[in-house]
Amino acid sequence: MWSDFDWAYDGVSHSIAGSGGSECAAHTTLRRRLFESLVVSVLGVGYFVWGYRRISVPPFIGHPLPDATHKGRRFGRRPLLVVMCLVFGCEIGFKCATKTLIYLLNPCHVVTAVQIFLLAAPPGRLATVLFRWQMHSVSGAILALVFPVLNTRLLPFETEVYYVQHLLMLIVPFYLLRLGGAYSVERLQDFSWSMVSVGIWLLYHFFVLQGLALVTLVNLNNMLCPAVSDPFGGQNYRVWGIVHQSLLVGLVGKLYCLISCSRLEIGRASCRERV
């Protein structure tokens, strides 16, 4: 069955450290994987349910700015969308050329696709939901920039596109927050969206990515073995990952909101009210 999809992962070289293979898969025993997955299923569902019960999505009331001001700030939306599409298109092209399309399932690519949708789609309640969710996913872009994994990027400009993509992931939320309206954030003391985001990503990693990684022997987002740049590499690297991501997703998301709002010229008071 999986041989029909070898075009999506056949180009992954297991000779490159941290890319996958049987040795990488043997880093963690199957028994331990099952135990960790069981614990994560309880944590992930618990995080999600706790946050979902406390989530409130405000009704869409349009943008709070005067028409002239809002139109001026919307000017950069289309150029930013074009740049995001070009960069993501380059990533897809690299993956097609190297037969590694399976890497598009990694979280940063998923968030990039969501941000492209937010730039292209009209504002509304769905945009608010997706915007608030991705605000608590920017920690992945920061970690990717601080601890980059570049040993699998061998094509010309592939490394440069990596950095540009993750920088854009930090720019797009700031731009949308500047528009206001549907692109608002919850109050500072409200961690419901953080908990929902943590729950979704934990379940996505341990059931979707880990399941595919075990079948294809591709180290999807380091679910088989630690990355070469992982400071917590070792037998407990996934446990450390659960701990630091449970903390970072909420803290980084809130810190990003605070920094972004402090740099906005308009509605600092309204921004604080929404945060």
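The values are calculated or read from the model by the stated rules, or taken from the named source; none is laboratory data. Remember, predicted model here, so these are calculated numbers, not experimental data. FYI the Cβ positions are ideal-geometry reconstructions off the backbone, even for glycines, and counts take in every protein chain you see. Quick note on the areas: whole protein, heavy atoms, side chains included, nothing else; ligands and nucleic acids left out. Shrake-Rupley method; radii C 1.70, N 1.55, O 1.52, S 1.80 Å.
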What part of the accessible area of the chain, given as a whole %, is carbon or sulfur when the probe is 1.4 angstrom?
-> 69
Rounded to whole Å², per residue accessible area for the chain with a 1.4 Å probe reads 50
Distant-in-sequence amide H partners of GLY20 (H built 1.01 Å from N, under 5 Å) | ASN219
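Kindly give the semi-axes, whole Å and largest first, of the ellipsoid equivalent to the chain, taking each as the square root of 5 times a Cα gyration tensor eigenvalue. Kindly include the intermediate steps, with their values, before the conclusion.
Numbers: eigenvalues 230, 103, 46 Å².
Square roots of five times the eigenvalues give 34, 23, 15 Å.
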Find which of VAL111, PRO123, CYS90 sits farthest along the positive direction of the dipole of the stretch 70-130, computed with +1 on the beta-carbon of Lys and Arg, -1 on that of Asp and Glu, about the Cα centre.
-> PRO123
If each part is reduced to its alpha-carbon centroid, the stretch 99-116 and the stretch 179-257 end up apart, in Å, by 14
So what's the angle, to the nearest 10 degrees on a 0 to 90 scale, between helix 125-135 and the longest Cα principal axis of the chain?
-> 60
Rounded to one decimal in nm, the spacing of the 7 Å Cα→Cβ label points at ILE259 and ARG78 is 3.2
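What is the packing order of peptides 111-117, 25-31, 251-257, taking the mean over residues of other C-beta atoms within 10 Å and listing the highest first? Numbers along the way, then the final one.
Details: 111-117: 18.7, 25-31: 13.4, 251-257: 20.3.
Top of the packing list down: 251-257, 111-117, 25-31.
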